[in-house]
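Below: one structure, written as structure tokens.
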Amino acid sequence: MSKAFASQADLADKKITFEQLSAHCWAYTAEGDPNSGVIIGDKFIMVSDATATPSMAQDLIARIRTVSDKPIKYVLLTHYHAVRVLGASAYAAEGATEIIASQGTHELIIERGKEDMQSEMERFPRLFRNAESVPGLTWPTMVIGGGNPAKGEVPGKLTIDLGGVVVQIWHPGPGHTRGDTIAWVEEEKVLFSGDLVEYQAGVYTGDAHLEEWPATLEALRALRAEAIVPGRGEAMKGAAEVNKALDYTKRWVETLFACAKEAAAANMDLKAAMAHTRKQMDPIFGNVFIYEHCLPFDVSRAYDEAKGIKNPRIWTAQRDQEMWASLQA
Ligand SMILES: [Zn+2]
């Protein structure tokens, strides 16, 4: 039986939860859809991941306005994926003056942002239902990891005081993409991980660096967070729950990449690599949200990396369809 492409058959709305995790930190989650985080200070608010469209961002803004009337000055892009960044323009009317991303993310937006936008709009018709509200690509105004202050670049770690709460932002290492950024509220032990960490949802690795991802997860574990807003899945509260999310993501990444390496070593073609990977992945992860959407993209990238392709190949709407026809139809 052929499967509808990516998430094209997923048209039922999700139940959104806006939940307070600590004195200043909130989670905006939706049953496995892309999450956002919110950090509310006495002076300013920061949103971590903007949502897919300005229209969708209006719902997040409305929830924030039930608890604070401060300006939403900062929008953090944890990485370049369209479902997380293209809603950013909505925050300008709420006081946003800074859009923050890592240097790696900035480079990826330049290199493949346009292709990614087109590809993701076709993968996720429900999330991009009001795509006409997207004015174009989202460009950062503050870039972490560069060395040229004249271009808005900030070396190393960025620390932002929102008034009564301090947020640290940095790139902890390659993983879901090569530019992933996290936000960490140390005093409250709350971590906003973006797609570096997921829980009970598909872990998309189509643009990932699988070999390096587990070490990046261990760097996050060393923070000893007591709550986490993952990229997808519910917010996790308590150190044991945070570790569950880290373990879940690590198991996905390691199982997938081990299968790809076996397939490459045995000279299997991509279709055979997919079948080989399914034998391991389906019994463990087969029932989680967005599994069937993610798996063929994941196997494609894992197989490439196992074959020595360091820089993930760019997904275009056309490459998406060709891959899907060969692996999922
Ligand atoms: Zn992503």
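The values are calculated or read from the model by the stated rules, or taken from the named source; none is laboratory data. Since we're looking at a predicted model, the values are computed, not measured. Positions of Cβ are generated from backbone atoms using ideal geometry, with glycine treated the same way; all protein chains shown enter the neighbour counts. Each accessible area value is taken on the protein alone, full model and side chains, heavy atoms only, with ligands, DNA and RNA left out. Shrake-Rupley method; radii C 1.70, N 1.55, O 1.52, S 1.80 Å.
Give me the strands (runs of 3 or more DSSP E) completely within the stretch 7-63, filtered to those with at least 3 residues that are in contact with a Lys or Arg (Cβ under 8 Å, 6 or more places away or on another chain) and not hydrophobic (A, V, I, L, M, F, W, C), ordered by residue number.
On the way: elements: 17-20, 25-30, 33-40, 45-48.
Filter on the stretch 7-63 gives 33-40.
Any idea which residue in the stretch 194-242 is farthest from D282 (Cα to Cα), counting only those that are away from the ligand (no atom under 16 Å from the Cβ) and basic (K, R)?
For the stretch 194-242, the residue satisfying everything is R224.
Please go through (1) open to solvent by 50 Å² or more (accessible area, probe 1.4 Å); (2) within 16 Å of the ligand (Cβ to nearest atom); (3) at positive phi for G164 and return the number of the only condition it doesn't satisfy.
Of everything listed in (1) open to solvent by 50 Å² or more (accessible area, probe 1.4 Å); (2) within 16 Å of the ligand (Cβ to nearest atom); (3) at positive phi, G164 misses just condition (2).
Which one of these is over 15 Å from I99 (Cα atoms), out of contact with any Lys or Arg (no Cβ under 9 Å at 6 or more places or on another chain), modelled with pLDDT of 95 or more and acidic (D, E): E188, E218? Walk me through it before giving the result.
On the way: E218 fails: out of contact with any Lys or Arg (no Cβ under 9 Å at 6 or more places or on another chain).
Just a single option satisfies the conditions, and that option is E188.
In this structure, does W252 turn out to be aromatic (F, W, Y) and farther than 28 Å from F18 by Cβ? Give the steps one after another, and end with the answer.
Values: aromatic (F, W, Y): yes; farther than 28 Å from F18 by Cβ: no.
So W252 fails the test.
Give me a count of the residues in the stretch 224-242 that are touching a helix residue (DSSP H, G or I) at 6+ places or on another chain (Cβ under 8 Å) and more than 11 Å from Y199 (Cβ to Cβ).
4
If we scan the stretch 100-108, do we find a residue that is away from the ligand (no atom under 12 Å from the Cβ), under 17 Å from P135 (Cβ atoms) and not in a loop (DSSP other than H, G, I, E, B)?
Looking through the stretch 100-108, none of the residues is away from the ligand (no atom under 12 Å from the Cβ), under 17 Å from P135 (Cβ atoms) and not in a loop (DSSP other than H, G, I, E, B).
A50 - would you say it is aliphatic (A, V, I, L, M), over 24 Å from V190 (Cα atoms), within 16 Å of the ligand (Cβ to nearest atom) and touching a helix residue (DSSP H, G or I) at 6+ places or on another chain (Cβ under 6 Å)?
On the way: aliphatic (A, V, I, L, M): yes; over 24 Å from V190 (Cα atoms): no; within 16 Å of the ligand (Cβ to nearest atom): yes; touching a helix residue (DSSP H, G or I) at 6+ places or on another chain (Cβ under 6 Å): yes.
It is false that A50 is aliphatic (A, V, I, L, M), over 24 Å from V190 (Cα atoms), within 16 Å of the ligand (Cβ to nearest atom) and touching a helix residue (DSSP H, G or I) at 6+ places or on another chain (Cβ under 6 Å).
Does N130 satisfy the criteria of being farther than 20 Å from P54 by Cβ, surrounded by fewer than 20 Cβ atoms within 10 Å (Cβ to Cβ), more than 16 Å from the ligand (Cβ to nearest atom) and among the polar types (S, T, N, Q)? So that I can check it myself, show each step before the final result.
Details: farther than 20 Å from P54 by Cβ: no; surrounded by fewer than 20 Cβ atoms within 10 Å (Cβ to Cβ): yes; more than 16 Å from the ligand (Cβ to nearest atom): yes; among the polar types (S, T, N, Q): yes.
Judged against the criteria, N130 is not a match.
For the stretch 185-224: of the residues being among the hydrophobic types (A, V, I, L, M, F, W, C) and open to solvent by 10 Å² or more (accessible area, probe 1.4 Å), which is farthest from R84 (Cα to Cα)?
Step by step, filter the stretch 185-224, then rank; the result is A222.
Does the stretch 259-271 contain any residue that is in contact with a Ser or Thr (Cβ under 7 Å, 6 or more places away or on another chain), open to solvent by 40 Å² or more (accessible area, probe 1.4 Å) and either closer than 22 Å to R232 by Cβ or modelled with pLDDT under 95 (or both)?
Among the residues of the stretch 259-271, not one is in contact with a Ser or Thr (Cβ under 7 Å, 6 or more places away or on another chain), open to solvent by 40 Å² or more (accessible area, probe 1.4 Å) and either closer than 22 Å to R232 by Cβ or modelled with pLDDT under 95 (or both), which makes the answer no.
So, in the stretch 225-241, exactly how many residues are of a type outside the set (G, A, S), in contact with a Lys or Arg (Cβ under 9 Å, 6 or more places away or on another chain) and closer than 21 Å to R84 by Cβ? Even if it seems obvious, please write down each step before you answer.
Taking the stretch 225-241 as the starting set, the residues that turn out to be of a type outside the set (G, A, S) are 226, 228-230, 232, 234, 236-237, 241.
Next cut, in contact with a Lys or Arg (Cβ under 9 Å, 6 or more places away or on another chain) only: 226, 228, 236.
Add one more test, that the residue is closer than 21 Å to R84 by Cβ, and what stays is 228, 236.
The number of residues fulfilling the criteria is 2.
Within the set of pairs 6+ apart or on separate chains, which have a first residue in the stretch 68-82 that is under 21 Å from G95 (Cβ atoms) and open to solvent by less than 10 Å² (accessible area, probe 1.4 Å), a second that is hydroxyl-bearing (S, T, Y) and in a loop (DSSP other than H, G, I, E, B), and C-beta atoms under 7 Å apart?
L76/T181; L77/T138; T78/T181
Answer yes or no as to whether E111 is surrounded by fewer than 16 Cβ atoms within 10 Å (Cβ to Cβ), within 18 Å of P312 (Cβ to Cβ) and either at pLDDT below 95 or within 16 Å of the ligand (Cβ to nearest atom) (or both). Break it down stepwise before answering.
Values: surrounded by fewer than 16 Cβ atoms within 10 Å (Cβ to Cβ): yes; within 18 Å of P312 (Cβ to Cβ): yes; either at pLDDT below 95 or within 16 Å of the ligand (Cβ to nearest atom) (or both): yes.
When the stated conditions are applied, E111 passes them.
Under 7 Å between Cβ atoms, at least 6 apart or on separate chains: pull out the pairs that start in the stretch 149-160 with a residue that is on the phi > 0 side of the Ramachandran plot and end on any residue that is of a type outside the set (D, E).
Here the result reads G152/T141; G152/M142; G152/V143; G156/W170, each pair linking the stretch 149-160 to a residue that is of a type outside the set (D, E).
Filter the stretch 231-252 down to the residues that are among the aliphatic types (A, V, I, L, M) and in contact with a Gly (Cβ under 8 Å, 6 or more places away or on another chain) and list them by number. Quick ask: steps written out before the conclusion?
Taking the stretch 231-252 as the starting set, the residues that turn out to be among the aliphatic types (A, V, I, L, M) are 235-236, 239-240, 242, 245-246.
Across the stretch 231-252, the qualifying residue is only A245.
So how many residues does the stretch 83-99 have that are assigned to a loop (DSSP other than H, G, I, E, B) and either crowded, with 20+ Cβ neighbours inside 10 Å or among the polar types (S, T, N, Q) (or both)?
Let us first name the residues in the stretch 83-99 that are assigned to a loop (DSSP other than H, G, I, E, B), namely 86-87, 95-97.
Filter once more, so that each one left must be either crowded, with 20+ Cβ neighbours inside 10 Å or among the polar types (S, T, N, Q) (or both): 86-87, 96-97.
Here the count works out to 4.
How many residues are acidic (D, E), under 14 Å from the mean Cα position of the chain (by Cα) and open to solvent by 10 Å² or more (accessible area, probe 1.4 Å) if we restrict to the stretch 28-65?
Going residue by residue through the stretch 28-65, those that are acidic (D, E) are 31, 33, 42, 49, 59.
Subset that is under 14 Å from the mean Cα position of the chain (by Cα): 33, 49.
Narrowing the set further to residues that are open to solvent by 10 Å² or more (accessible area, probe 1.4 Å) leaves 33.
Final tally of qualifying residues: 1.
Could you check the stretch 182-194 and list, in sequence order, the residues that are in contact with a Pro (Cβ under 8 Å, 6 or more places away or on another chain) and of a type outside the set (A, V, I, L, M, F, W, C)? If you could, list the steps in order and put the result at the bottom.
Within the stretch 182-194, the first condition is being in contact with a Pro (Cβ under 8 Å, 6 or more places away or on another chain), and the residues that meet it are 182, 193.
The answer is S193, and nothing else.
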